[in-house]
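A short worksheet on the structure shown next.
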Amino acid sequence: MDLSAINPVLLVASLMVAATPILLAAIGELVVEKAGVLNLGVEGMMITGAICGFAIAVETGSPWAGFIGAAAGGAALSLLFVLLTQLALANQVASGLGLTLFGLGFSALLGQSYVGVKPPATPKLEFLGLSDLSVIGPILFHHDLILYFGIVLVAAVWAALKYTRMGLILRAVGENHDAAHALGYKVVRIRILAILFGGACAGLGGAYVSLVRVPQWTEGMTAGIGWIALALVVFASWKPWRVLLGAYLFGGITVLQLNLQAAGVAIPVEYLAMSPYVVTILVLVILSADKSSAPASLGRIFHAAR
Amino acid sequence: MIVLEKRPQPSREWALATPLVAVLATMIVGGLLFGALGTNPLVAIRTIFWDPLFGEFAFYYRPQLLVKGAPLVLIAIGLSLGFKAGIWNIGAEGQYIIGALVGAGIGLAFYPLDAWYVFPLMVIGGAVGGWAWAMIPALLKVRFGTNEILVSLMLVYVAEQLLASMSLGLLKNPEGHGFPGSRNLADYPSATSWINQDVGLHWGVAFALIAVIFAYVLLNRHMLGFHIRLTGDAPRAARFAGVNPARLILFCLGASGALAGLAGLFEISGPAGQVSIDFNIGYGFTAIIVAFLGRLHPVGILLAGALMALTYIGGEIAQSQLGLPAAAIQVFQGMLLFFLLALDLLTNFRVRMRKSEVA
């Protein structure tokens, strides 16, 4: 065992990369849940985004086209959820599960010819002079655009929810859809937009896994991080900045256990690999005592009688 | 303009018809999908739904129907109890794995002892293993209000890692020349769940049928079953009627965990035979579809389990004969759930055409 092989600077830099897919998916789901919709299909939308982004990036040779395609793919799958829950008024839990099961199968079908293919590299940004600084450089100034986009998105969602009229209406719909409807807001239309936004974010997160983090395509490669993103929204108490904090915590655990595996710690690999899931449960337990901040209409079906 | 009018009572006719319509719609859209993949849609549908039952090699496939259907029905029966009450155990896959590990562990501990009590002990072990694994989300929900959906699902990934660890370590066959995987329980007469392998009969099939009967009696003739249905339909009324939600959570999650654990045990000591890394093939997740397709009703689940087993076997045939990818059948099953959920609209609402009027 050689713990000195673990470089703390590289660890922090790589935990940011590991956290980005969870961060993107979770911030999207946060907006969906703020609008009062519980979409359990995050895992399915992520894996669909992962293959859509991968396929398009490989075909066009441009990772950026891939990311756009991934967002479109995730949003397209979430459109199915829209049809089921907003138009057919189906149970949201069951529909979300269906979305995940379908997405896993569908992505495997799409991805058959992409196994073992190498995607085009996503370039890292270079900030003049700053990227070469000793400690801060690799941590803050040597990443790809999507990673920064994730952080900006958190700030944007926070500001939009807190300071804009749009955010206020979105929260009103999530807290009490009957009252919002009585005030004349289009509850279903607002929720549809929120769900599509969530789908696009999850798709983007999925593509980050297949194009940057791994970068490769294998069936079921998101391995439950969509579910971790869902858990993250709960223990962030539906607050954007806490999502960022939580995502980095999880990225940290994932990267740390991989580093410990590589360093040959005396704990068996399987027990290290299960640690992110166990920690998710523990954090959920600690933080789920406070349910007061959950949107009041979360998961409830809205049907305007007139 | 089309408006939806809520029915005062869910329509009984539509409740029975939606699964059939959903299956038909899935066949049509699935056929189009297979067509897009370059297979003749009619041939694909015939291969999946007809050949396993009446085709040339049906004598080989029919027993498989029991083998594939039993775990699905066993797990789905347990899940349906919770789903009825709004308690979402979606980690049956994990409970299935742990039940199999505990049961197989007991069996392997007795190897090569020849005694009548080995298999019954394994059955108890399997049930207790699955029950205990489901008790984790149950107790956390009761004590801390933790979301059971997320916890039970996270535990699937934990269970998969435990399975990998066991098949590479503790339960590895000492005479296996270093290959991963345990001894084959199907070859150990005191521990096998097979009753008659030629007709596909193992103890899991028997237990699945018993579970169907038990669930039917519980839901229709027993106070606890009434409480389950009441909690699902009207949670507030249930509280006033004196239903203890904590006890209900413990019972529903515990029962579904125990049944999933049993399914795992019967699978590992029969059809699968040994503890190996790829032992679980998603029965725990497919059972969710089975439970919904069967309208959360025990008899419906029995039929839905048979249908889903058919798509598994048909999918395998289509894979080998037509070169359809394995994932296509997964998409097919997912589609079935979609159509079912969407068509449920007709059960609870009336679709009316109405001229738009001035407000």
Does the stretch B:38-324 come out rounded, prolate or oblate by the C-alpha gyration tensor, with a ≥ b ≥ c the root eigenvalues, rounded set by a/c under 1.5 and, if not, prolate when a/b is larger than b/c and oblate if not?
oblate
Enter the mean number of other protein chain beta carbons within 10 Å of the beta carbon of each residue in A:102-112, as an integer.
6
Taking chain A as the reference, fit the longest principal axis to its C-alpha atoms, fit the long axis of helix A:145-163 to the helix C-alpha atoms, and give the angle between the two in degrees, 0 to 90, nearest 10.
30
Selected from B:PHE57, B:PRO19, B:THR39, residue furthest toward positive end of dipole (the stretch B:8-96; charges at beta carbon)
B:PRO19
Rounded, prolate or oblate: which fits the stretch A:149-266 when a ≥ b ≥ c are the square roots of the eigenvalues of the alpha-carbon gyration tensor, with rounded for a/c under 1.5 and prolate only if a/b beats b/c?
prolate
How large is Rg over Rh for the stretch B:68-177, taking Rg from the Cα atoms and Rh as the Kirkwood inverse mean of 1/r across Cα pairs?
1.03
In nm, give the distance between the simple-model label positions of B:ASN196 and B:ARG46, each being 7 Å from the Cα along the Cα-to-Cβ direction.
3.2
Inside 10 Å of the C-beta atoms of A:270-281, what's the mean count of C-beta atoms belonging to other chains?
6
Angle, helix B:283-293 long axis vs. longest principal axis of chain B, Cα atoms, 0 to 90°, nearest 10?
30
Suppose all protein chains stay in the model; what accessible area per residue would a 1.4 Å probe give for the stretch B:38-324, in Å²?
41
Please give the total accessible area that chains B and A bury against each other, computed with a 1.4 Å probe and expressed in Å² to the nearest 100.
3500
Over the Cα atoms of the protein assembly as shown, how large are the radius of gyration and the largest Cα-Cα distance (Dmax), in Å?
25.0, 83
Point-to-point label distance, B:ASP278-B:ILE213, nm (Cα→Cβ direction, 7 Å offset):
3.8
Give the lysines reachable from B:LYS6 as a straight Cα distance under 26 Å; neighbours fewer than 8 places away on the same chain don't count.
A:LYS186, B:LYS84, B:LYS355
How far apart, in nanometres, would the label points at B:GLU56 and B:PHE226 be if each is projected 7 angstrom from Cα along the Cα-to-Cβ direction?
5.8
If you average the C-alpha positions of the stretch A:185-235 and of the stretch B:233-300 separately, how far apart do those two centres end up, in angstrom?
27
I want to verify a result. In a Gaussian network model of chain B, Cα cutoff 10 Å, which of these has the top mean-square fluctuation: B:GLU316, B:GLU93, B:GLU56?
B:GLU56
Share of carbon and sulfur in the accessible heavy-atom surface of the protein assembly as shown [1.4 Å probe, %]
67
Point-charge dipole on Cβ atoms (K/R +1, D/E -1) for the protein assembly as shown, about Cα centre, debye to 20:
2560
Under a Cβ-only charge scheme (Lys and Arg +1, Asp and Glu -1), can you give me the dipole magnitude of the stretch B:38-324 about the Cα centre, in debye to the nearest 20?
1160
Calculate how steeply helix A:92-110 sits against the longest principal axis of the alpha-carbon atoms of chain A, using the helix alpha-carbon long axis, and give the answer as 0 to 90 degrees to the nearest 10.
40
To the nearest whole number, what is the average tally of beta carbon atoms from other chains within 10 Å of the beta carbons of peptide B:164-171?
2
Using a cut-off of 14 Å between beta-carbons, work out the net charge of the residues near B:ILE48 (Lys and Arg +1, Asp and Glu -1, B:ILE48 not included).
0
Per DSSP H run of n ≥ 4, the term is -39500 (n - 2.57); total these for chain A, divide by its residue number, and report the mean residue ellipticity at 222 nm rounded to 500 deg cm²/dmol.
-21500 deg cm²/dmol
Residues whose placed amide H lies under 5 Å from that of A:ASP144, excluding near-sequence neighbours
A:LEU125
Which net charge results for the neighbourhood of B:ILE87, defined as the other residues with beta-carbon distances under 12 angstrom from its beta-carbon, given Lys and Arg at +1 and Asp and Glu at -1?
+2
Packing-wise, with mean Cβ within 10 Å as the measure, how do A:186-192, A:205-211 rank, highest first?
A:205-211, A:186-192
Compute the Cα gyration tensor for the stretch A:189-245, then decide on rounded, prolate or oblate, letting a ≥ b ≥ c be the square roots of its eigenvalues: rounded whenever a/c is under 1.5, prolate when a/b is larger than b/c in the other cases, and oblate in all that remain.
oblate
Förster-model FRET efficiency, 25 Å R0, A:LEU11 and A:LYS124, C-beta, rounded to 0.05
0.90
Its Cα gyration tensor gives chain A an equivalent ellipsoid whose semi-axes in whole Å, largest first, are 33, 22, 19
Candidate residues A:THR122, A:THR85: accessible-area rank, largest first, probe 1.4 Å
A:THR122, A:THR85
Can you tell me the order of B:171-179, A:76-84, B:319-327 when each peptide is scored by its average per-residue count of other Cβ atoms within 10 angstrom, highest first?
A:76-84, B:319-327, B:171-179
Compare the peptides A:276-282, B:105-111 by average per-residue count of other Cβ atoms within 10 angstrom and give them in order, highest first.
A:276-282, B:105-111
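The values are calculated or read from the model by the stated rules, or taken from the named source; none is laboratory data. Worth saying up front: this structure is predicted, and the values here are computed from it rather than measured. Cβ: placed from backbone, ideal geometry, glycine included. Neighbour counts: every protein chain shown. Side chains are part of the model used for accessible areas, which takes the heavy atoms of the whole protein and leaves out ligands, DNA and RNA. Shrake-Rupley method; radii C 1.70, N 1.55, O 1.52, S 1.80 Å.
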